[in-house]
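The values are calculated or read from the model by the stated rules, or taken from the named source; none is laboratory data. The structure presented is a predicted model; accordingly, all values stated were derived computationally and were not measured. Heads up, the Cβs are rebuilt from the backbone with ideal geometry, glycines too, and the neighbour counts pull from every protein chain shown. Surface accessibility is based on the protein's heavy atoms, side chains included, excluding ligands, DNA and RNA. Shrake-Rupley method; radii C 1.70, N 1.55, O 1.52, S 1.80 Å.
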Amino acid sequence: MHVYIENIGTHLGEEITIKGWLHNRRSSGKIHFLTLRDGSGFLQGVMSKAAVGDDTFKAADHLSQETSVIVTGTARADARAPGGYEIDVKTLAVIGDSHDYPITPKEHGVDYLLDRRHLWIRSERQQAILRVRHEIINAIRDFFNSRGFILADTPIFTPAACEGTTTLFPAQYFEQTAYLTQSGQLYNEANAMALGRVYCFGPTFRAEKSKTRRHLTEFWMVEPEMAYADLDEVMDLAEALVVSVVARVLDVRRRELTVLERDVTRLESVRSPFPRITYDDAIRILRERGQPIEWGGDFGGPDETILSEAHDRPVMVHRYPAAVKAFYMKPDPARPEVALGVDMLAPEGYGEIVGGGERLADLALLLQRIKDHDLPQEAFEWYLDLRRYGSVPHGGFGMGVERVVGWICGLEHVRETIPYPRMLYRLYP
C-alpha cells in the first residue's frame, strides 16, 4: 500500500510502500540507515542485511544522494528517529540513478545554490520554507473568502503605470507597448465598484535596481479593495489578516518552523491590537534615535527597522506626506499635505509588509494628481470613469507574500521565500 510519509503515523505496524528519493545514507556494519523523502516529509528507513539479503544490501552500498527509489517495509514508531517514525525495509527498487549530485551536505555559496535552485529546493530547509509559504497563501485565501470577499483577478499586461513609471517592465504587445503589472489595485477598484468587497492575488513586477535583502523584481501580492471603506477600516482589515495568517502557521506548520529554528515565541506575540502611529510621530522617533531625516522624506530600511524594534508585533504608520505617495491616494481633508495611507512594518527588522489606504474618489482632484505626476490621462480614462459614474469612498491595501514568508520563517533574505527568485542579477534558472 502506497503511503505518503506525512501520513505514516496512521499506518503503524502495517506493510507500506514509500515512493520517493534517497536524501542521505549512512551505514553501521550490517545495517544501512536510509533517509528517504517523498515530497510530503522525511523518514528514516532501517535496512538490515538479515532482512533484505546480501544482494539488496550490497546494492544499497552504492546508492547515491537523490537516487529515486521505491521502498517497502513495516512502519513503526521510534522516538529517536526524525519525525518519530521509521520503516523497517524489506524491499528496495531503484527507479532513477543519481550520480555526482552537485549539492552535497557540505557548505555551498549562495550563488552556487541559486544557480542550482531547481535542486536546492529538495533540501529539508527549503521544503520547510515552501510549505510555510503554501500555508500562508491558503490562510490568506481562507481569510478573505470567509469574510465575503470575491476573488477577481486582474491583468498581467497593463497599458500604464500604477506605482510609478521608473519601475516598469515594458513588453511588446503586438503593435504597441504594454507593461508587466506593478499592482492590480486600479483594476481592483473597478471590481469593488461592481462586487463591493474583492481581492486579487497574483504576481507583480517592479524593475527596481535594488540589491537589498527585501527586494525581488517578481513577487506575489494579495490586494483587497472595499467600496465604502475609510482608512480606519483598511487598517482594521490589514491587522486582522496578519493576525489570522500568523496564527494559522503556528497552528499547522510548527514542525517546519522547528526545522527552520524559528523562535516561535516572537510569533506568538503577534496579536491585536497593533500599535498605530502617525508619520509625524515616526519622524520624531527617528530623530530621537539619531536618524538624519527631514519631514517629507520616505523611510528606508534602517528607518523601518528602528520604528519596529520597539514593538513585539507589527506597527502601523499612517498619514504619510502626500508628495511621497501614489497619485490615487486621498489627502486628509483636515490636513491636505498628508495622505490617508498606511504602511505596516513587521517586527525584527523585516520592513514593510502591507501598504495601502483610502483612495481618491474626487474626479477633479484625481485629474489634477494625474497631471501633477505627468501621467498620460488617456491611459486612465477607464479609471476616471469610476469617479464619473457613482463614485464612493473606498480603500484597500497590498500585502507582499514573500516578505511575510521571510518574516514568519525568520529568513535573512527574500530569495529563499519563492521557488525561483528573480532579482537584479538573477534570471536563471
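Points worth noting:
- Taking amide H as placed 1.01 Å from N in the peptide plane, Ser27 has its amide H under 5 Å from the amide H of Phe33, each at least 5 places away in sequence or on another chain.
- Counting lysine pairs in the chain whose alpha carbons fall under 15 angstrom apart, excluding pairs fewer than 8 residues apart on the same chain, gives 8.
- Spatial separation of Cα centroids for the range 294-352 and the range 201-248, in angstrom: 14 Å
- Cα gyration tensor shape of the range 182-271, rounded if a/c is under 1.5, else prolate or oblate by comparing a/b with b/c: oblate
- Averaged per residue, the range 294-421 has 37 square angstrom of accessible surface, using a 1.4 angstrom probe with ligands and nucleic acids left out.
- For the range 1-152, the solvent-accessible area works out to 50 Å² per residue, with a probe of 1.4 Å and every protein chain left in place.
- Per residue, the average separation of C-alpha pairs within less than 8 Å and at least 6 apart gives the chain a relative contact order of 14 percent.
- Cα gyration tensor shape of the range 36-102, rounded if a/c is under 1.5, else prolate or oblate by comparing a/b with b/c: oblate
- Loop-resident trypsin sites (Lys or Arg not before Pro) (DSSP state other than H, G, I, E or B) in the range 149-250 with no more than 13 further Cβ atoms inside 10 Å of their Cβ: Lys209, Lys211.
- Ranked by how many other beta carbons lie within 10 Å on average, peptides 178-185, 24-31, 414-421 from highest: 178-185, 414-421, 24-31
- The smallest convex shape that holds all Cα atoms of the chain, its convex hull, gives 175 Å³ per residue.
- Across the range 1-138, the mean sequence separation of Cα contacts (distance under 8 Å, 6 or more residues apart), normalised by length, yields a relative contact order of 21 percent.
- The chain, accessible surface, carbon-and-sulfur percent (1.4 angstrom probe): 51 percent
- The range 102-228: C-alpha gyration tensor shape, a/c 1.5 cut-off, then a/b vs b/c: oblate
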